[in-house]
Each structure stands twice: as C-alpha cells, then as structure tokens.
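The values are calculated or read from the model by the stated rules, or taken from the named source; none is laboratory data. From a predicted model like this one, the values you see are computed outputs, not experimental measurements. Please note: Cβ atoms are built from the backbone with ideal geometry, for glycine as well, and neighbour counts cover all protein chains shown.
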C-alpha cells in the first residue's frame, strides 16, 4: 500500500555525532485531491478524515554527509546534461513551423 505526505514540516537537531529529525505530517482529502475537495476531521467523519503523524529518526553525521554527497553529485550530473543539451541544440532538427 502506498503512502503520501500531505503538508509537512521538518526540524533537525545536531546531537554530538548524530542528527535527530522530527517531521510533522498532515494528510487531508484537500491535499490528496490537489485542492479540489474539502477536508474534515476524523472526529467528525472517520472515513478519509485528516490524519496527523510525527516521524522521529536519527542519522549519523557520516550518513548525512554521504547522502548530501549523493545529492551534490546528482545536481552536478544534471547541470552537465543540461549544458550538453544546450551545446548540441544546433545539431537537432529545427522545430516544425505551422503556417
């Protein structure tokens, strides 16, 4: 079963060689339906009512740095691909013109 995150806030705190993360998440029918539906509290009507959850986890600084390096590498590859695309634009077929 899949899950989605509705509206979330994330806080993090450095604790020695670890990082403590706290994420508060609200899921509502409004966010599920891309703002096309109202929301309601579960106390009013349980089916598909708004839920509130808190996630707490700890990662070592080494894990955080490793994940950050993965992110940096991805951004660099993306920028190189975009630049390569721009540099080869003249080699691609011209856009079709509709008259």
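The table below lists the values:
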| item | result |
| --- | --- |
| Subset of the stretch 8-20 (residues that are exposed (fewer than 12 other Cβ atoms within 10 Å of the Cβ) and within 19 Å of the chain's Cα centre (by Cα)) | 9, 10, 11 |
| Residue in the stretch 21-41 that is modelled with pLDDT of 95 or more, out of contact with any helix residue (DSSP H, G or I) (no Cβ under 7 Å at 6 or more places or on another chain), surrounded by 10 or more Cβ atoms within 10 Å (Cβ to Cβ) and not in a helix (DSSP H, G or I) present | yes |
